[in-house]
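The values are calculated or read from the model by the stated rules, or taken from the named source; none is laboratory data. Predicted, not measured: the structure shown is a model, and the values here were computed from it. Methodologically, a virtual Cβ is constructed for each residue, glycine included, from the backbone with ideal geometry; neighbour enumeration extends over all protein chains shown. Ligands, DNA and RNA are stripped out before the accessible areas are found, and what is left, the full protein with its side chains, is counted by its heavy atoms. Shrake-Rupley method; radii C 1.70, N 1.55, O 1.52, S 1.80 Å.
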Amino acid sequence: MDLSTRRLLVAAAPAGRLISLLLLWTYVGSSAPAPVRLGMVLDLTSDGGMKSLACISMALDDFYLKHPTYATRVELRVRDSRGDLVAAALAAEELMDKNAQVQAIVLPQTSPQGQDELFAGIAERDNIPILSSSTTVPASTSSKSPFLRPTDSRLDAALLAVKSMPTRVYIVHMPPALAARLFSRVAVAGMMSEGYVWIATSGVGNAVDGLADHGDMQGVVSLLPHVPVTEQVRSFFRRFKAKLRQESPDDDPGTPVWLLWLYDTAWAAAAAAEISFRTAQRTTFFDALLVTEFDGLAGRFRLVDGQLQVSAYEIVNIIGKGARMKADAVAGDVTITSSRMKLVSFTMPFADMGWSMVTTKKEYNSDNMWMFTKPMTPELWVTTLAFFFFTSFVV
């Protein structure tokens, strides 16, 4: 039986350069598993970066503990950007070059503003897939260069323009880091007061817990993919907190929900690596990932057109340190049931929804000459005839 050990190699670079972390699963035996390299660029000086590394390493440990006989093993190659976008670009180039080319790049939801667009451009050039643990990917803020970020003055000018309009309900769909900056300017402009409604899409709501500064987002309404709190989820959070306390006693042991998607992303990558290796006609890692399906911590993992499918969402209100369940009203096609009526109050429908009812058709004897009288009762026929003769007499 093969014996497996895990080894964490830390290479310290000269001052001003990157610190490289190489996480390898080394197997001693007659037949070494085929390696599949995944790259990650993290800010290991941040809480989100350290949690991302701990989560994905735990996911790979769990996967190969459950599948010890698989013929492939994922090698996670991590680079520390220290929060600098230029350093992140250099790290991405290093991971994708010919000497250490990775099969895919994993992007956690804690990636700084601009890094997603930057990596997407490099990956498209080198034909390397990007695995984003986010359930939604906001549109790029700059199609030409992620380094061209909107300044505070430009944000203030845009807010001044919309403030002069009669609209008071706004929908925000942008990268989370940019959204945090936007809401800081919204507060300065006095547009977080009563009379204004701000709705952020799920891409922002998912990452609220991982943002360093979201104090100005208090009261913003958003959506979160609904994750049932199963025993597997509880077990993960318990083990993850214990792992954090052991490795970094001074760090915040909080466990944001986005870690579940990162965990499932790592499992999907490991499963896709095995599928691509075992098929009769060697399938690319990317094609294998597109057909990978399993029940993960966050629910059913399934990609449609390259996007993770979410079956249900929760309406949340950002209060305090993160998103909390608080919905004052729900508008939509909601079925009224007795159990729901115990929890919320329903209004009467005021619009024709165009619904119809399907009933069993009654069979009538078509040879009956009095068939035309069937739609009305005898009493109604008598009343109709009485008014007919009365009207004729009066006329």
> So how much slack lies between V229 and V197, counting 0.36 nm per residue of separation and subtracting their Cα-Cα distance, in nm?
Replying inline: 8.5 nm
> Expressed in nm to one decimal, what extension gain is obtained for the pair E124 and L380 from 0.36 nm per residue of sequence separation less their Cα-Cα distance?
Replying inline: 84.6 nm
> How much FRET efficiency would the formula 1/(1 + (r/R0)^6) give for L90 and T284, where r is the Cβ-Cβ distance and R0 is 25 Å, rounded to 0.05?
Replying inline: 0.40
>> Quick check: with the 1.4 Å probe, what order do V74, V162, V169 take by accessible area, largest first?
In response: V169, V162, V74
> Counting only protein chains, not ligands or nucleic acids, how are R125, R181, R73 ordered by accessible area (probe 1.4 Å), most first?
Replying inline: R125, R181, R73
>> Could you give me D for segment 260-316, from Stokes-Einstein at 25 °C and 0.890 mPa s, where the hydrodynamic radius is the Kirkwood radius over C-alpha pairs? Units µm² s⁻¹, please.
In response: 204 µm²/s
> What is the Cα centroid distance between segment 217-241 and segment 69-101, reported in whole angstrom?
Replying inline: 28 Å
> Say each of V291 and S345 gets a label point 7 Å from the Cα, pointing the same way as Cα to Cβ; how far apart are those two points in nm?
Replying inline: 5.5 nm
> Length gain on complete extension for the stretch D62 to S338, per 0.36 nm per residue less the alpha carbon to alpha carbon distance?
Replying inline: 95.1 nm
> How big, on average over all directions, is the shadow cast by the Cα convex hull of segment 167-247, in nm²?
Replying inline: 6.9 nm²
> Would you list H67, H173 from the most to the least accessible area, probe 1.4 Å?
Replying inline: H173, H67
